[in-house]
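Enquirer: Just passing along the structure, written as structure tokens.
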Amino acid sequence: MYKPSLLFDRTAEERRDPFLSWQREDQPFFAAGACHILAEMFQQLHFGEDYELIFLKPVSGMPGMHVYATNGTWAFDHNGWTLEKELLSLTQAAYSKKYSGWGYERIVIRDDLETFCRNNHHRQPWQFAYLPWERAHHYIKQFPHSPPLDG
């Protein structure tokens, strides 16, 4: 079952200290704080396969930003493959339970990574304790290249 990124939120100390944040296990690292890096690497590894990067932008400045890749049916993020409708439904349920009135905009990312990060308060790759590309690559390779056939 899909685990929303809310379950992996960084502590205040992890937000301030990039080395402490880096020490988290892979799933928490890519669920909260580096989801945009994972999605970008996924798209690069699936170049030409029609995956878009999606930014879930919470309304009214609430917490809960998330980035993932999708082909419109299947999504890929820190959980690996999930039906996008399940990702959206369980994310909405988890955040709404904690934050009354939580909602989001589903935005297709058209900008390059640097521009997206600058415009949406996401850490640039060089702002991590170490460059995260190899870590993202290894994490993605743990999952099948394609989504399950059933869904």
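Read-outs: derived from the displayed coordinates by stated rules, not from any lab. Just so we're clear, the structure is a prediction, and the values are computed from it rather than from any experiment. Glycine gets a Cβ as well: all are built from the backbone with ideal geometry, and neighbour counts include every protein chain shown.
Enquirer: Would you kindly state how much longer the chain becomes between R118 and R16 on full extension, computed as 0.36 nm times their sequence separation minus their alpha carbon distance, in nm to one decimal?
Expert: 34.9 nm
Enquirer: If we restrict to alpha carbons, what Rg and Dmax does region 1-80 come to, in Å?
Expert: 13.1, 39
Enquirer: Give a residue-ordered list of calculated ³J(HN,Hα) values for region 45-54 (Karplus: 6.51 cos²θ - 1.76 cosθ + 1.60, θ = phi - 60°; whole Hz; x for Gly, Pro).
Expert: 6, 10, 3, x, 9, 6, 9, 9, 9, 10
Enquirer: Excluding same-chain residues fewer than 8 positions from K98, which lysines have a Cα within less than 21 Å of its Cα?
Expert: Candidates past the 8-residue exclusion: K3, K57, K85.
Enquirer: If a/c stays under 1.5 just call it rounded; otherwise compare a/b with b/c (prolate if a/b is bigger, oblate if not). Do that for region 29-69, with a ≥ b ≥ c from the square roots of the Cα gyration tensor eigenvalues.
Expert: The shape class here is oblate.
Enquirer: Quick check on region 69-151: take the gyration tensor over C-alpha atoms, sort the square-rooted eigenvalues as a ≥ b ≥ c, and tell me if it's rounded (a/c under 1.5), prolate or oblate.
Expert: oblate
Enquirer: Something else about it: Quick check on the chain: take the gyration tensor over C-alpha atoms, sort the square-rooted eigenvalues as a ≥ b ≥ c, and tell me if it's rounded (a/c under 1.5), prolate or oblate.
Expert: It is rounded, given that a/c, with a ≥ b ≥ c, falls under 1.5.
Enquirer: Which residues among region 27-43 fall inside the zone where the amide N is under 12 Å from a point 7 Å beyond the Cα of K98, along Cα→Cβ?
Expert: Residues passing the 12 Å test: 32-33.
Enquirer: Need the C-alpha centroid separation for region 36-98 versus region 125-146, integer Å.
Expert: 16 Å
Enquirer: Still on this model: Using +1 on the beta carbon of Lys and Arg, -1 on that of Asp and Glu, and nothing else charged, what's the dipole of region 5-140 about the Cα centre, debye to 20?
Expert: Result for region 5-140 is approximately 520 debye, rounded to the nearest 20.
Enquirer: When the chain is fully extended, how far beyond the present Cα-Cα distance does K3 get from E25, taking 0.36 nm per residue of separation?
Expert: Between K3 and E25, full extension yields 6.4 nm more.
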